[in-house]
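Asker: Below is a structure I'd like to ask you about.
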Amino acid sequence: MTGGQVDHGHSAHAPPALPTPSAHSGRLDDKSSTPIIAHQHLLLLHVYIMLKLSTVLSSLFYLLPIYIFLIAPALRQLFPPSNQDLAFDLDDDDAAAADLEGPILNGSILSLDDGVEVTCPPDTYRVHLLRRDPLVIYIEDFLSDSEADHLVKLRKTQSQNSYTPSMIYDGTAEKIDPTTRLSDRALLPRDTTVRCLENRAKAFQGWRPHLYIERMWAQRYNASGHYRHHYDWAGSSARGGDRASTFMVYLGDECGVEYLELVSAA
């Protein structure tokens with residue numbers, strides 16, 4: 001029947017097509033929401049890390065003094081350093097001192113320790129402070145009578161050729177300048193008496209670390225001999241560093257030289 005036949009391809013019974021969200025449109029919605037959620041997660045993670053870091057720093061601020069003043073001393077008491085560690089430290093100090101006295105210091109200028117042991121008499125000198133600035137100290141009886149006599153004999157036994165013109169040091173080299181210094185000098189051999197005097201002078205200045213005593217010289221002033229006012233050198237390492245003090249030891253007081261008498265105004 002032509003009038004009543006229904007075409008199923010275009011059936012009137014088929015419900016009208018309703019718009020449904022396509023898969024493509026659904027994926028667009030997912031992508032638009034994901035960056036917002038991810039950004040929120042990163043922000044929360046950043047805040048969490050900052051809070052943790054602040055907590056750690058605050059804890060260190062309070063724990064560090066506790067460790068320094070309480071825990072560390074207690075650990076040193078409970079676990080003292082072994083003898084091996086102490087010996088290692090001492091060996092390092094000895095090695096450093098050996099390096100300093102080996103290739104650097106000049107033994108022809110300084111009285112270095114050469115392993116010779118001497119027995120010296122006890123010190124009996126008396127100290128008088130004459131002036132504070134500049135510092136002038138009078139050491140009474142720094143030498144005994146027998147020591148002074150020994151040095152005089154030692155000087156006389158030296159040949160005339162052992163005396164040479166006294167030198168001055170200008171900071172770079174030694175030279176002869178009679179306008180500044182006019183005298184002769186002779187290097188004294190380091191016998192027992194000389195070594196005892198070196199030790200005595202060094203012990204008198206015990207406050208100074210790494211102190212070295214220069215070799216002792218016999219000075220001889222002839223007519224018109226002099227030594228003008230001067231500054232001692234700022235020495236190099238080979239000379240033991242800066243010269244800190246000078247001991248002028250007079251072996252006798254009847255040599256014809258005149259000095260100003262230190263008397264009070266009264």
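The values are calculated or read from the model by the stated rules, or taken from the named source; none is laboratory data. All values reported here derive from a predicted model rather than from experimental measurement. Because the Cβ atoms are built from the backbone with ideal geometry, glycine has one as well, and the counts that use them run over all protein chains shown.
Asker: Just the residues that are closer than 18 Å to residue 212 by Cβ and either of a type in the set (Lys, Arg) or assigned to a loop (DSSP other than H, G, I, E, B) (or both), please, taken from region 107-120.
Answerer: Here is the first cut: in region 107-120, the residues closer than 18 Å to residue 212 by Cβ are 107-116, 118.
Of everything in region 107-120, those that are closer than 18 Å to residue 212 by Cβ and either of a type in the set (Lys, Arg) or assigned to a loop (DSSP other than H, G, I, E, B) (or both) turn out to be 107, 108, 109, 111, 112, 113, 114, 115, 116, 118.
Asker: Can you pull out the residues in region 142-166 that are hydrophobic (A, V, I, L, M, F, W, C) and in a loop (DSSP other than H, G, I, E, B)? Let's see the steps before the verdict.
Answerer: Start the filter on region 142-166 by keeping residues that are hydrophobic (A, V, I, L, M, F, W, C), which leaves 142-143, 148, 151-152, 154.
Across region 142-166, the qualifying residues are 142, 143.
Asker: Can you say whether residue 224 is small (Gly, Ala, Ser), touching a residue at least 12 places away in the same chain (Cβ under 8 Å), surrounded by fewer than 10 Cβ atoms within 10 Å (Cβ to Cβ) and in contact with a Leu (Cβ under 8 Å, 6 or more places away or on another chain), as far as the supplied structure shows? Steps first, please.
Answerer: Details: small (Gly, Ala, Ser): yes; touching a residue at least 12 places away in the same chain (Cβ under 8 Å): yes; surrounded by fewer than 10 Cβ atoms within 10 Å (Cβ to Cβ): yes; in contact with a Leu (Cβ under 8 Å, 6 or more places away or on another chain): yes.
Considered against the rule, which asks whether it is small (Gly, Ala, Ser), touching a residue at least 12 places away in the same chain (Cβ under 8 Å), surrounded by fewer than 10 Cβ atoms within 10 Å (Cβ to Cβ) and in contact with a Leu (Cβ under 8 Å, 6 or more places away or on another chain), residue 224 comes out as yes.
Asker: OK, next. In region 196-210, which residues are of a type in the set (Phe, Trp, Tyr) and surrounded by 12 or more Cβ atoms within 10 Å (Cβ to Cβ)?
Answerer: Within region 196-210, 204 is the sole residue that qualifies.
Asker: Now a separate question. Would you pick out the residues in region 100-128 that are in contact with a Phe, Trp or Tyr (Cβ under 8 Å, 6 or more places away or on another chain) and not polar (S, T, N, Q)?
Answerer: Initial filter on region 100-128 (in contact with a Phe, Trp or Tyr (Cβ under 8 Å, 6 or more places away or on another chain)): 105, 110-112, 125, 127-128.
Of everything in region 100-128, those that are in contact with a Phe, Trp or Tyr (Cβ under 8 Å, 6 or more places away or on another chain) and not polar (S, T, N, Q) turn out to be 105, 110, 112, 125, 127, 128.
Asker: Tell me which residues, restricted to region 208-223, are among the hydrophobic types (A, V, I, L, M, F, W, C) and under 10 Å from residue 109 (Cα atoms).
Answerer: Residues satisfying the conditions are 213, 216.
Asker: Which one is nearest to the chain's Cα centre (by Cα), of the residues in region 172-195 that are surrounded by 13 or more Cβ atoms within 10 Å (Cβ to Cβ), among the β-branched types (Val, Ile, Thr) and closer than 23 Å to residue 155 by Cα?
Answerer: This residue is 194.
Asker: On to the next question. Pick from region 167-195 the residues that are outside any strand (DSSP E or B) and aliphatic (A, V, I, L, M): which of them is farthest from residue 144 (Cα to Cα)?
Answerer: Going through the qualifying residues, I end up with 173.
Asker: Could you please let me know if residue 172 is free of Cβ contacts under 8 Å to residues at least 24 places away in the same chain, among the hydroxyl-bearing types (Ser, Thr, Tyr) and in contact with an Asp or Glu (Cβ under 9 Å, 6 or more places away or on another chain)?
Answerer: So residue 172 fails the test.
Asker: Then there is this: Which of the residues that make up region 121-141 are more than 33 Å from the chain's Cα centre (by Cα) and either part of a loop (DSSP other than H, G, I, E, B) or in contact (Cβ under 8 Å) with a residue 24 or more places away in the chain (or both)?
Answerer: To start, the set of residues in region 121-141 that are more than 33 Å from the chain's Cα centre (by Cα) comprises 121-122, 124-126, 128, 130, 140-141.
Scanning region 121-141 gives 121, 122, 124, 125, 130, 141.
Asker: For region 61-88, what are the residues that are of a type outside the set (Phe, Trp, Tyr), modelled with pLDDT under 70 and assigned to a helix (DSSP H, G or I)? I'd like the intermediate steps shown before the answer.
Answerer: First pass over region 61-88, keeping only residues of a type outside the set (Phe, Trp, Tyr): 63-66, 68, 70-78, 80-87.
Still in the running and modelled with pLDDT under 70: 80-87.
Within region 61-88, 83, 84, 85, 86, 87 qualify.
Asker: Give me a count of the residues in region 199-238 that are part of a loop (DSSP other than H, G, I, E, B), at pLDDT 80 or above and hydroxyl-bearing (Ser, Thr, Tyr).
Answerer: Count: 3.
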